[in-house]
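Encoded as structure tokens, the structure appears first; notes follow it.
The values are calculated or read from the model by the stated rules, or taken from the named source; none is laboratory data. Keep in mind it's a predicted model, so treat the numbers as computed, not measured. FYI the Cβ positions are ideal-geometry reconstructions off the backbone, even for glycines, and counts take in every protein chain you see.
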Amino acid sequence: MKRLRAAIGAMGLAAAGVCAAGPVTLESLLDEMVDRDAIARTPSPAYTCRQFSSYDRRADCATNSATWYANGDQRQFLRVDAVNGRRESVLMDAAGPGAIVRWWCTWKDPQGTLRIYIDDAPGPVVEGNDGAVISGGALAGSPLSAERSRGHDLYLPIPYAKRCRVTWEAPDQGPFYYQINHRTYAAGTEVESFSKAVLARARTRIEAACATLTNAAGTAAGAPAGSLDGALAPGAAREVTLDGPGAIRGLAMRLSAADPDQALRSTVLEIEFDGARAVWCPVGAFFGVGHSLRPYESWYSDAKADGTLACRWVMPFARSAVVRLRNVGAAPVEVAGGRVTRGAWTWDDRAMHFHATWRQHADLMTQTNAGADHGAFDVNYVEVAGQGVYAGDSLTVDNSVRAWWGEGDEKIFVDGEAFPSHFGTGTEDYYGYAWCFSAPFSAPFHAQPTGEGNSKPGMSVNSRWRSLDAIPFTKALKVDMELWHWKKTRVHYAPATFWYARPGATCNVPAAPAEAARPVAAVPEPPEGAEPVLRIAGAIEGETLRIVECTGGSTKTQGWAQPIWSRDEQLWWTHGKPGDRLVLEVPIAKAGRYKVEANCTLAIDYGVMSFSMGGRVLKDRVDFFNDGVIARMIDLGTADLPAGSVKLEITVVGANPSAKPSHMFGLDCLRLTPAP
């Protein structure tokens, strides 16, 4: 059951699936990426999609709960190779024919050298700084290569005929996490291997693909075929019927209601293809905004500030299609701009129906798996029986406490495999960002319209749409996401899934009108006996202080589940270098002499700092290294402070010899006590 065997061994595919139209090339893959029709047919040439990642290798068997949820997901490699006197950690080693189709990485600082070896050549075809290669535009421009909320993403395909090996060389310091999604084609498929010459030849095609992906809404095809406009009373429905063959190529609408958030969940989209229901999903979840509209744009769908929701999924049918909006809520809804767009489609033995499901695990109790690391457990997104292609998902989470909810890994099982061919490193990593950052972002194939609930009570919405990294299955698919919340609490956890399948496919997610009608204002409440929020008497919260100056690095408010910070948050300063200063404005209610204390974080990658207040040095050297994360109240001495405000200056001095030299600093709070 070891993951290494599952990752390296190429799955056998029938040679009959090989397409005779021509070889797989960088250009053909770019064309496929921006061809919305391609994903709606079974792949030709046939391929499997798998993932290499830095998941914790202790997780080798699903029946062992003591290790299945292991969370040491950084710097986990296949092996270390000795190459020309270098020690290169191997991230991926796959037999071809194949192609890398998606990278995700994160780190504290770009710190290493990535190398890509193709077809057993002695030297790498790509060699460069990890940040430059993945997100810095060394191979392709945005949006194919970009950093989004601390996640580093590369969607430029890298094909290979015989073999691909990816290595990373870096000092043994700092965290490094990675995921590499790759295709393995059927034996006999002709693939032109990536090279510098191929990259140069394809430059114009790369730029064209970037322009097309950036203008996703402008590439929609088809003609209007019906309107869903009008009033929807509670329990009522509006529908459009289309005769086939054909394909729905777009949907758009605006919903108006006294409670617009509720309308996004209690207005449900139902679609039938050729007499069978294939889509049952609340409108907000279907269009990737959850139950509160926040603007974003992706390749397949978007939401505008004026409330317009639109999608560009291609949805084929042989005989008929029925598109229906149903109000399962208790209040009326008005639909405007509700158009259905259709276009031509030739139905054949490779054509597939589009499917979308939604389920909400309401009031889901976290940390309930006794014996599992941090009480984690797997939540099922969907199980499918039949033949098809998995095209993506969108997750809406209503968090109830000041703590991160998404530490868990995706686990995707294809065609009954015992070990998942996709085993991830964290929920936010799966969705293309990192470090539970709450900043919204949107990109062609992933988006976070809002991350307000990432580390505090509120809603977060994450989406991932697949193109070249779509996952084919011939008989079965199971998609799970590990739920690892940093606190014992309750959440609403609602995944929507998007997939294509040949007629006759079934899934385990039924319609859930009662759940869709649940009031969105009913935020889950923490259970009785839940871990209390720490409150330090007399604290001036570090995250509330005005930042006057930061000469290097970046700052943010960080929340964490462990009760070591007052109100569960700290002011977090990262990426500082020796000599950099962080200057904060501290309010002083009354002039006088004060004992100054600071509750600060100590950890393995925190630095050595000096402190001055009001122009006077308080402490010239405080070491915040500790092997483990703790907080400690530091006595900074006494100071005479004027009424009004005073500047607190923190300067990076260096790092403990045993520390990972990231020079981090975390200020939970200050405490000023009158001194004699």
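Looking at PHE77 and the list (1) under 21 Å from the mean Cα position of the chain (by Cα); (2) closer than 30 Å to GLY188 by Cα, which single condition is not satisfied?
(1)
Among the residues of segment 450-465, how many are crowded, with 23+ Cβ neighbours inside 10 Å and closer than 28 Å to THR506 by Cα?
Total satisfying the criteria: 4.
Is there a residue being crowded, with 18+ Cβ neighbours inside 10 Å, in contact with a strand residue (DSSP E or B) (Cβ under 6 Å, 6 or more places away or on another chain), part of a strand (DSSP E or B) and not polar (S, T, N, Q) anywhere in segment 192-210?
Within segment 192-210, none of the residues are crowded, with 18+ Cβ neighbours inside 10 Å, in contact with a strand residue (DSSP E or B) (Cβ under 6 Å, 6 or more places away or on another chain), part of a strand (DSSP E or B) and not polar (S, T, N, Q).
Among the residues of segment 112-134, are any of a type in the set (Ser, Thr, Tyr) and within 20 Å of SER467 (Cβ to Cβ)?
No, segment 112-134 contains no residue that is of a type in the set (Ser, Thr, Tyr) and within 20 Å of SER467 (Cβ to Cβ).
Between a first residue in segment 313-326 that is hydroxyl-bearing (Ser, Thr, Tyr) and a second residue that is assigned to a strand (DSSP E or B), which pairs have beta carbons less than 7 Å apart while being 6 or more apart in sequence or on different chains?
Partner pairs satisfying both residue conditions: SER320/THR241; SER320/LEU242; SER320/ASP243.
Of all residues in segment 98-145, count the ones that are within 23 Å of THR48 (Cα to Cα) and either touching an Asp or Glu at 6+ places or on another chain (Cβ under 6 Å) or not assigned by TED's automatic domain parsing to the domain that holds ARG183 (or both).
Selection size over segment 98-145: 3.
Might you check whether a residue that is within 23 Å of ALA62 (Cβ to Cβ) and of a type in the set (Lys, Arg) occurs anywhere in segment 470-481?
Yes - at least one qualifying residue is present in segment 470-481.
Determine, yes or no, whether SER149 is of a type in the set (S, T, N, Q), touching a residue at least 60 places away in the same chain (Cβ under 8 Å), on the phi > 0 side of the Ramachandran plot and in the same structural domain as MET92 (by TED's automatic domain parsing).
Values: of a type in the set (S, T, N, Q): yes; touching a residue at least 60 places away in the same chain (Cβ under 8 Å): yes; on the phi > 0 side of the Ramachandran plot: yes; in the same structural domain as MET92 (by TED's automatic domain parsing): yes.
Yes; evaluated as a whole, the condition is true for this residue.
Let's see how each residue does on (1) part of a strand (DSSP E or B); (2) under 20 Å from TRP484 (Cβ atoms); (3) touching a Ser or Thr at 6+ places or on another chain (Cβ under 6 Å):
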| residue | (1), (2), (3) |
| --- | --- |
| GLY371 | no, yes, yes |
| GLU383 | yes, no, no |
| ALA391 | yes, no, no |
| LEU395 | yes, yes, no |
| TRP404 | no, yes, yes |
| GLU428 | no, yes, no |
| ALA439 | no, no, yes |
| ALA447 | yes, no, yes |
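Please find, within segment 537-576, the residue that is surrounded by the most Cβ atoms within 10 Å (Cβ to Cβ) out of those that are within 17 Å of THR651 (Cα to Cα) and of a type in the set (Gly, Ala, Ser).
Per the criteria, the residue is GLY542.
Looking at ALA247, ALA305, ALA285, can you tell me which residue is surrounded by fewer than 22 Cβ atoms within 10 Å (Cβ to Cβ) and assigned by TED's automatic domain parsing to the domain that holds ALA330?
From the options ALA247, ALA305, ALA285, the qualifying one is ALA305.
Quick one: in segment 640-661, which of the residues that are touching a strand residue (DSSP E or B) at 6+ places or on another chain (Cβ under 7 Å) and outside any strand (DSSP E or B) is surrounded by the most Cβ atoms within 10 Å (Cβ to Cβ)? Talk me through it step by step, then tell me what you get.
Taking segment 640-661 first, the residues touching a strand residue (DSSP E or B) at 6+ places or on another chain (Cβ under 7 Å) are 640-656, 658-659.
Right, trim to outside any strand (DSSP E or B) and you get 642-643, 655-656, 658-659.
Values: PRO642: 11, ALA643: 11, ALA655: 20, ASN656: 15, SER658: 10, ALA659: 22.
This residue is ALA659.
On the given criteria, is GLY579 on the phi > 0 side of the Ramachandran plot, small (Gly, Ala, Ser) and either surrounded by 18 or more Cβ atoms within 10 Å (Cβ to Cβ) or touching a strand residue (DSSP E or B) at 6+ places or on another chain (Cβ under 7 Å) (or both)?
yes
How many of the residues in segment 74-93 are touching a helix residue (DSSP H, G or I) at 6+ places or on another chain (Cβ under 7 Å) and either over 23 Å from CYS49 (Cα atoms) or part of a strand (DSSP E or B) (or both)?
Residues in segment 74-93 being touching a helix residue (DSSP H, G or I) at 6+ places or on another chain (Cβ under 7 Å) and either over 23 Å from CYS49 (Cα atoms) or part of a strand (DSSP E or B) (or both): 1 in total.
Among the residues of segment 555-611, which ones are of a type in the set (Ser, Thr, Tyr) and touching a Lys or Arg at 6+ places or on another chain (Cβ under 8 Å)? It would help to see each step written out before you state the result.
Taking segment 555-611 and keeping what is of a type in the set (Ser, Thr, Tyr), we get 555, 557, 566, 574, 594, 601, 606, 610.
Passing the criteria: SER566, THR574, SER610.
State which residue is surrounded by the fewest Cβ atoms within 10 Å (Cβ to Cβ) when the search covers only segment 432-449 and only residues that are of a type in the set (Phe, Trp, Tyr) and closer than 23 Å to ALA403 by Cβ.
PHE441
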